[in-house]
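Trainee: The structure under discussion is supplied below as structure tokens; questions concerning it will follow.
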Amino acid sequence: MEIQIYQVDAFATDIFEGNPAAVCPLDSWLPDEVMQHIAMENNLSETAFFVRQETGAYRLRWFTPATEVDLCGHATLASAHVLFEHLGFSERLIRFASNSGELTVIRSAETDRLTMNFPACKLDRASMPEQLEKAVGIPPQELYKDTDYLYVVGSEEEVQSLDPDIRLMKTVNARGIIVTAAGEEYDFVSRFFAPAAGVDEDPVTGSAHTMLTPYWSRRLGRKKLVGRQISSRGGTVYCEDQGDRVSISGTARTFMQGQIEI
């Protein structure tokens, strides 16, 4: 059996930037264990698989090298890019059905930016697990928890210079840890660590911005924001707080396409 595969740099203006994701369009679902093996073989933070439904929407699933996850922003952006750029999708709006409900992606008529619409995360104050502060290495100014921890520190330099204990982070009871601060050039900066999901540090994390956006919107008093994830690859994310939803925008570039033989 041959399966199409694309590798796309999401939240990137050129290749070698942003967050690489693999995208596999399917006519019908493969067994879960086969999709997990493909994701493990790809060894990228996420591999996305989608199947067109009778409704015209696409059922979308995401796998890290270790597990299936319920939401992934950059691999959703990459999947939409593949549909628009390689598979002849001609409408402006794509609907994805997912474990996190319906997700939409709109292609801008003026730019090559793609805008995703995701449910916003809750901002519930959290008490500090002892191992979390030890793992991050510096104390937070504020701490919140939903699927991830939102760990707010004092400066962009603190975020940039973090050298966390990844092994200890793996013991924290959360999908991942978002460390963030106000930015110097951008509204805010962040880094995202998810070793429990098989990703020590994610280059650019769309889903983390479902928590970052409402936090920084309230703190800065603005609905529209620009964030920068300051991993070694880096990527820019355009955000808008829409109450119980968040719009997350960026661009993507195709790095590679080919066939998997199984």
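Trainee: Assess whether VAL204 counts as being in contact (Cβ under 8 Å) with a residue 60 or more places away in the chain, β-branched (Val, Ile, Thr) and not in a strand (DSSP E or B).
Mentor: So VAL204 passes the test.
Trainee: Of the conditions (1) free of Cβ contacts under 8 Å to residues at least 40 places away in the same chain; (2) at positive phi, VAL51 fails just one. Which one is it?
Mentor: Tallying (1) free of Cβ contacts under 8 Å to residues at least 40 places away in the same chain; (2) at positive phi, VAL51 fails exactly one: (2).
Trainee: With the structure loaded, tell me whether THR115 is part of a strand (DSSP E or B) and without any contact (Cβ under 8 Å) to a residue 24 or more places away in the chain or whether it fails that test.
Mentor: Criteria not met by THR115.
Trainee: Going by what's in this entry, would THR180 be described as assigned to a strand (DSSP E or B), in contact (Cβ under 8 Å) with a residue 24 or more places away in the chain and under 24 Å from PHE63 (Cα atoms)?
Mentor: no
Trainee: State which residue is surrounded by the most Cβ atoms within 10 Å (Cβ to Cβ) when the search covers only segment 145-177 and only residues that are closer than 15 Å to MET128 by Cα, touching a residue at least 60 places away in the same chain (Cβ under 8 Å) and touching a helix residue (DSSP H, G or I) at 6+ places or on another chain (Cβ under 7 Å).
Mentor: Checking each candidate, the answer is LEU150.
Trainee: Find all pairs meeting these conditions: Cβ atoms under 8 angstrom apart; at least six residues apart or on different chains; first residue within segment 228-255 and acidic (Asp, Glu); second residue crowded, with 18+ Cβ neighbours inside 10 Å and part of a loop (DSSP other than H, G, I, E, B).
Mentor: Going by the 8 Å Cβ cut-off, the qualifying pairs are ASP241/ALA120; ASP244/ALA120.
Trainee: Find the residue count for segment 1-43, including only residues that are more than 21 Å from GLY234 (Cβ to Cβ) and hydroxyl-bearing (Ser, Thr, Tyr).
Mentor: 2
Trainee: Quick one: how many residues across segment 104-131 are in contact with a Leu (Cβ under 7 Å, 6 or more places away or on another chain), of a type in the set (A, V, I, L, M, F, W, C) and farther than 17 Å from TYR151 by Cα?
Mentor: 5
Trainee: Checking GLY101 against (1) out of contact with any Ser or Thr (no Cβ under 7 Å at 6 or more places or on another chain); (2) on the phi < 0 side of the Ramachandran plot; (3) exposed (fewer than 15 other Cβ atoms within 10 Å of the Cβ), which test does it fail?
Mentor: For GLY101, the exception is condition (2).
Trainee: Given the residues ALA196, ALA135, ALA109, which is the only one that is part of a helix (DSSP H, G or I), of a type in the set (Gly, Ala, Ser), surrounded by fewer than 19 Cβ atoms within 10 Å (Cβ to Cβ) and in contact (Cβ under 8 Å) with a residue 12 or more places away in the chain?
Mentor: On the way: ALA135 fails: surrounded by fewer than 19 Cβ atoms within 10 Å (Cβ to Cβ); ALA109 fails: part of a helix (DSSP H, G or I).
Only one candidate passes the filter, namely ALA196.
For every residue, the table says whether it meets (1) at pLDDT 95 or above; (2) touching a Gly at 6+ places or on another chain (Cβ under 7 Å); (3) within 25 Å of GLN160 (Cβ to Cβ); (4) surrounded by fewer than 13 Cβ atoms within 10 Å (Cβ to Cβ).
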position: VAL226; (1), (2), (3), (4): yes, no, yes, no
position: CYS239; (1), (2), (3), (4): yes, yes, yes, no
position: SER249; (1), (2), (3), (4): yes, no, yes, no
position: ARG253; (1), (2), (3), (4): yes, no, yes, no
position: GLY258; (1), (2), (3), (4): yes, no, no, yes
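The values are calculated or read from the model by the stated rules, or taken from the named source; none is laboratory data. Bear in mind that the values here come from a model prediction, so they are computed numbers and not experimental data. Neighbour counts run over all protein chains shown; Cβ positions are idealised from the backbone, glycine included.
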